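Engineer: Please read through the structure below; I'll follow up with questions.
The values are calculated or read from the model by the stated rules, or taken from the named source; none is laboratory data. Keep in mind it's a predicted model, so treat the numbers as computed, not measured. Here the Cβ is made from the backbone with ideal geometry for all residues, glycine too, and neighbour counts use every protein chain on show. Areas reflect the complete protein model, heavy atoms only, side chains present, ligands, DNA and RNA absent. Shrake-Rupley method; radii C 1.70, N 1.55, O 1.52, S 1.80 Å.
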Amino acid sequence: GGPASLCRFRGALVGAVLGDCIGGEFEGTEPEEIPLDRVLQYLDGLEDETRGDSILQYSDDTAMTRCVAHSLLTRAGFDEQDMARRFAKEYNLAPFRGYGAGVMQVLKKLASPQLSDVYQPARAQFGGRGSFGNGGAMRAAPFALAFRDRADVRRYTRLGAMLTHSCSLGYNGAILQALAVHLSLQGALVLPQDFLKTLITEMEEVEKDESARSDARALNESEFPFCARLHRVKELLERNNVSVEEVISELGNGIAALHSVPTAIFCALHCMEPREGLPEKYGGLERTVAFSLSLGGDTDTIACMAGAIAGAHYGIDAISQSWQRCCEASEEADMLAQRLHNMYHRAPPEG
Ligand code: R7I
Ligand code: MG
Ligand code: MG
């Protein structure tokens with residue numbers, strides 16, 4: 001499909017759910033424990049018609065993404081009170097979805113009817129600096145599907161992430177992920193180096209901010225931490241052979257946004273071409289999910305974010321029916337994507 005076509009929107013949200021559900025199997029494992037053939041064997045098993053009706057359950061990544069999408073649609077835009085209420089209600093209904101250890105405190109406080117400032121509980125996290133986890137980034141895709149204007153994507157993704165992640169290394173990771181999906185919907189992945197150049201230019205603007213500078217200093221990160229990582233993505237892409245170990249040591253596979261969002265972007269770009277060790281029958285989206293899982297670590301979230309970026313590029317038709325069938329809520333994600341597509345095309349054009 002062309003830029004911002006319906007099949008790209010559907011691919012983005014369904015790709016994200018798939019990454020979360022399929023990646024959940026390997027979350028928290030060391031990469032040595034999951035050699036590529038074990039990943040491929042697991043993925044093969046999903047094609048098996050005799051595997052019965054067992055459904056792979058989604059985790060907090062999808063639970064919160066659904067809240068974001070429903071809120072943006074119901075309120076016809078960003079409404080922090082509504083979104084906060086939905087996060088709290090979802091957590092209360094299904095607290096077992098594998099939420100980060102810190103964020104659960106925020107979600108409990110957001111449930112209080114006395115709360116007047118919905119950003120306050122997030123600010124109280126981790127000694128007052130706020131969380132740098134990837135929980136804002138893992139749910140960022142719907143912002144790119146709801147808003148057409150890039151400045152709106154940046155602004156509302158930031159506010160949406162700040163409901164739980166008030167550290168700039170948390171919410172700027174969310175902005176980066178939303179911008180990657182935003183550009184991929186336009187077809188920008190076909191020129192990977194230009195795609196990265198645009199992301200770096202955007203993030204230079206975002207990370208100029210004084211709170212970004214002081215958070216980076218306080219956490220002993222280099223200046224412009226996300227830009228620095230994007231430069232590493234660029235260098236890794238230029239190499240012919242990149243090992244799992246190199247990806248992990250250069251970009252990370254962890255629960256911090258800084259150690260996972262650039263990694264997810266790399267996974268999507270690296271897998272645009274056939275790769276050694278990955279089956280020839282695989283399309284780009286399948287390669288992206290398989291490669292993301294082989295990194296170990298925060299596999300559900302890295303595959304979810306890479307799945308959204310790749311799904312926005314290849315579109316829904318590239319996603320295997322059997323993979324879709326075995327993931328909880330993939331049909332709902334598809335429906336939400338269609339409604340967000342309508343919202344996007346009603347929004348004022350980029351400018
Ligand atoms: O970011 P968050 O929502 O977690 C998302 C992750 C994804 O992988 C999901 O799939 C799920 O498994 O969890 O939750 P937070 O609790 O805000 O952050 C996650 C973790 O990052 C925390 O439990 C801490 O271990 C760590 N962390 C920090 N540690 C020290 N100082 C985040 N921020 C800090 C910090 O400022
Ligand atoms: Mg999860
Ligand atoms: Mg995770």
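Engineer: Which of (1) over 24 Å from Leu196 (Cα atoms); (2) in contact (Cβ under 8 Å) with a residue 24 or more places away in the chain; (3) of a type in the set (Lys, Arg) does Lys234 not meet, given it meets every other one?
Structural biologist: Exception for Lys234: condition (1).
Engineer: Against the conditions (1) free of Cβ contacts under 8 Å to residues at least 12 places away in the same chain; (2) open to solvent by less than 10 Å² (accessible area, probe 1.4 Å), where does Leu43 fall short? Just the number, please.
Structural biologist: (1)
Engineer: Quick one: which of Leu176, Leu159, Leu183 is in a helix (DSSP H, G or I) and more than 18 Å from Asp61 (Cα to Cα)? Outline the logic, then answer.
Structural biologist: Details: Leu176 fails: more than 18 Å from Asp61 (Cα to Cα); Leu159 fails: more than 18 Å from Asp61 (Cα to Cα).
The unique qualifying residue is Leu183.
Engineer: Mind checking which pairs have a first residue in the stretch 1-26 that is over 11 Å from Ala141 (Cα atoms) and at pLDDT below 95 and a second that is open to solvent by less than 10 Å² (accessible area, probe 1.4 Å) and not aliphatic (A, V, I, L, M), Cβ under 6 Å, 6 or more apart or different chains?
Structural biologist: Going by the 6 Å Cβ cut-off, the qualifying pairs are Gly1/Gly315.
Engineer: Go through the residues of the stretch 116-132 one by one and say whether even a single one is within 16 Å of ligand 2 (Cβ to nearest atom) and open to solvent by 10 Å² or more (accessible area, probe 1.4 Å).
Structural biologist: Going residue by residue through the stretch 116-132, those that are within 16 Å of ligand 2 (Cβ to nearest atom) are 131.
From the residues that got through so far, the ones that are open to solvent by 10 Å² or more (accessible area, probe 1.4 Å) too are 131.
Scanning the stretch 116-132 turns up at least one residue that is within 16 Å of ligand 2 (Cβ to nearest atom) and open to solvent by 10 Å² or more (accessible area, probe 1.4 Å).
Engineer: Then there is this: Being in contact with a Gly (Cβ under 6 Å, 6 or more places away or on another chain), closer than 18 Å to Leu179 by Cβ and within 16 Å of ligand 3 (Cβ to nearest atom), is that true of even one residue in the stretch 241-258? Quick ask: steps written out before the conclusion?
Structural biologist: To start, the set of residues in the stretch 241-258 that are in contact with a Gly (Cβ under 6 Å, 6 or more places away or on another chain) comprises 253-255, 257.
In the following step, the residues that additionally are closer than 18 Å to Leu179 by Cβ were identified as 257.
Within this subset, residues satisfying the condition of being within 16 Å of ligand 3 (Cβ to nearest atom) are 257.
Yes: one or more hits.
Engineer: Quick one: Arg139 ticks every box in (1) among the basic types (Lys, Arg); (2) assigned to a helix (DSSP H, G or I); (3) within 16 Å of ligand 2 (Cβ to nearest atom) except a single one, so which number is it?
Structural biologist: (2)
Engineer: Something else now. Among the residues of the stretch 10-44, write down those that are over 25 Å from Ser243 (Cα atoms) and of a type in the set (Gly, Ala, Ser).
Structural biologist: Within the stretch 10-44, Gly11, Ala12 meet the criteria.
Engineer: Given the conditions (1) more than 16 Å from ligand 3 (Cβ to nearest atom); (2) under 15 Å from the mean Cα position of the chain (by Cα), which single one is not true for His270?
Structural biologist: Every listed condition holds for His270 apart from (2).
Engineer: Are any residues in the stretch 302-329 within 16 Å of ligand 2 (Cβ to nearest atom), open to solvent by less than 10 Å² (accessible area, probe 1.4 Å) and either more than 15 Å from the chain's Cα centre (by Cα) or within 15 Å of Arg66 (Cα to Cα) (or both), and if so, which ones?
Structural biologist: Matches in the stretch 302-329: Cys304, Met305, Ala308, Cys327.
Engineer: If you check Arg75 against the conditions, is it open to solvent by 30 Å² or more (accessible area, probe 1.4 Å), within 16 Å of ligand 2 (Cβ to nearest atom), out of contact with any Cys (no Cβ under 9 Å at 6 or more places or on another chain) and under 25 Å from Arg10 (Cβ atoms)?
Structural biologist: Values: open to solvent by 30 Å² or more (accessible area, probe 1.4 Å): yes; within 16 Å of ligand 2 (Cβ to nearest atom): no; out of contact with any Cys (no Cβ under 9 Å at 6 or more places or on another chain): yes; under 25 Å from Arg10 (Cβ atoms): yes.
No.
Engineer: All but one of (1) surrounded by 20 or more Cβ atoms within 10 Å (Cβ to Cβ); (2) on the phi > 0 side of the Ramachandran plot hold for Asn220; which doesn't?
Structural biologist: (1)
Engineer: Among the residues in the stretch 274-294, are any under 13 Å from the mean Cα position of the chain (by Cα) and open to solvent by 10 Å² or more (accessible area, probe 1.4 Å)?
Structural biologist: no
Engineer: Among (1) surrounded by fewer than 17 Cβ atoms within 10 Å (Cβ to Cβ); (2) assigned to a loop (DSSP other than H, G, I, E, B); (3) polar (S, T, N, Q), which single condition is Asn253 missing?
Structural biologist: Exception for Asn253: condition (1).
Engineer: Another question about this same structure. How do the pairs read when you match residues in the stretch 78-104 that are of a type in the set (Lys, Arg) with residues anywhere that are within 13 Å of ligand 2 (Cβ to nearest atom), using Cβ under 6 Å and keeping only pairs 6 or more apart or on different chains?
Structural biologist: Arg97/Ser59; Arg97/Asp60; Arg97/Ala63
Engineer: When you go through Glu286, Glu246 one by one, which is the residue that is more than 16 Å from ligand 1 (Cβ to nearest atom) and without any contact (Cβ under 8 Å) to a residue 24 or more places away in the chain?
Structural biologist: On the way: Glu286 fails: without any contact (Cβ under 8 Å) to a residue 24 or more places away in the chain.
Every option except Glu246 fails the conditions.
Engineer: In the stretch 90-141, which residues are over 19 Å from Ala308 (Cβ atoms), within 11 Å of ligand 1 (Cβ to nearest atom) and among the hydrophobic types (A, V, I, L, M, F, W, C)?
Structural biologist: Selection gives Ala101, Val103, Met104, Val106, Leu107, Ala122, Phe126, Phe132.
Engineer: A further question follows. Which numbered condition trips up Thr29, out of (1) within 14 Å of ligand 3 (Cβ to nearest atom); (2) farther than 20 Å from Gly136 by Cβ; (3) buried (at least 18 other Cβ atoms within 10 Å of the Cβ); (4) not charged (D, E, K, R)?
Structural biologist: For Thr29, the exception is condition (3).
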